[in-house]
Amino acid sequence: QVTLRESGPAVVKPTQTLTLTCTFSGFSLNTSGLCVTWIRQPPGKALEWLARIDWDDDKYYSTSLKTRLTISKDTAKNQVVLTMTNMDPVDTATYYCARAVAAAPAHFDYWGHGTLVTVSS
Amino acid sequence: QAGLTQPPSVSKGLRQTATLTCTGNNNNVGNQGAVWLQQHQGHPPKLLSYRNNSRPSGISERFSASRSRYTASLTISGLQPEDEAEYYCSAWDSSLSAVVFGGGTKLAVL
């Protein structure tokens, strides 16, 4: 059974760095072809893709946010970590991690429940 | 980054058929096709359709997808109250090396 769970702070202050962890089970990022993606959704708004990391450690980032994002993985712990620097109130959103396959990177077959991050002083 | 275009809302009656559209370009929808997601309020999105018309197990046959050039479509037949949700399309954009999403279509079942 595949599960993903996001964890991290519920509130961060403006200019701070956000660190989110996606802990997953039921698959391994050692498996050729798999990838894990971060996606966010501001309240009442649409989904926004943030970053992706592949089984072979290839990484891809949103062009509008790439200077602020870093994605990494710890295969032994079955975790993927996303950091976002210089947080702003407009970054308030529910942050999701999802599994996909590198050959079809928009094919998100399993999702976490999401974690709401509020940026406020 | 440029996204896919979806109509903001569609309203149809119970047991009717709704067709939702998603327009992109030759770098995304026209290249790898679109994926469709359904999201009920307060829940994460759920995969409905991929590779143009494949469905994950457990997804009703009432949901079918197609593509014509740069426009992907999701057709929902025999609309049920539980189909009322937000529907998103997504695709890998080969020029951006990134996933792009549509703005979502809110489907109301009257």
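The values are calculated or read from the model by the stated rules, or taken from the named source; none is laboratory data. All values reported here derive from a predicted model rather than from experimental measurement. We place every Cβ from the backbone using ideal geometry, glycine too, and count neighbours over all the protein chains shown. Heavy atoms of the whole protein, side chains included, go into the accessibility calculation; ligands, DNA and RNA do not. Shrake-Rupley method; radii C 1.70, N 1.55, O 1.52, S 1.80 Å.
Some values worked out for this structure:
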{"read-out": "From A:L47, A:L29, residue being open to solvent by less than 50 Å² (accessible area, probe 1.4 Å) and facing chain B (nearest Cβ under 9 Å)", "value": "A:L47"}
{"read-out": "Test for A:A104: is it open to solvent by 60 Å² or more (accessible area, probe 1.4 Å) and aliphatic (A, V, I, L, M)", "value": "no"}
{"read-out": "Pick from the stretch B:74-110, criterion free of Cβ contacts under 8 Å to residues at least 60 places away in the same chain and of a type in the set (A, V, I, L, M), ranking: nearest to the other protein chains (Cβ to nearest Cβ)", "value": "B:V99"}
{"read-out": "Residues of the stretch A:107-119 satisfying the condition of being facing chain B (nearest Cβ under 10 Å) and either open to solvent by 20 Å² or more (accessible area, probe 1.4 Å) or among the basic types (K, R) (or both)", "value": "A:H107, A:D109, A:Y110, A:W111, A:H113, A:G114"}
{"read-out": "Residue among A:L34, A:L18, A:L29, A:L50 that alone is under 11 Å from A:C97 (Cβ atoms) and either more than 15 Å from the chain's Cα centre (by Cα) or of a type in the set (A, V, I, L, M, F, W, C) (or both)", "value": "A:L50"}
{"read-out": "A:S62 vs. criteria at pLDDT 95 or above, touching a Phe, Trp or Tyr at 6+ places or on another chain (Cβ under 8 Å), open to solvent by less than 60 Å² (accessible area, probe 1.4 Å) and not aromatic (F, W, Y)", "value": "yes"}
{"read-out": "Odd one out for A:T70, checked against (1) in contact (Cβ under 8 Å) with a residue 24 or more places away in the chain; (2) open to solvent by 10 Å² or more (accessible area, probe 1.4 Å); (3) in a strand (DSSP E or B)", "value": "(1)"}
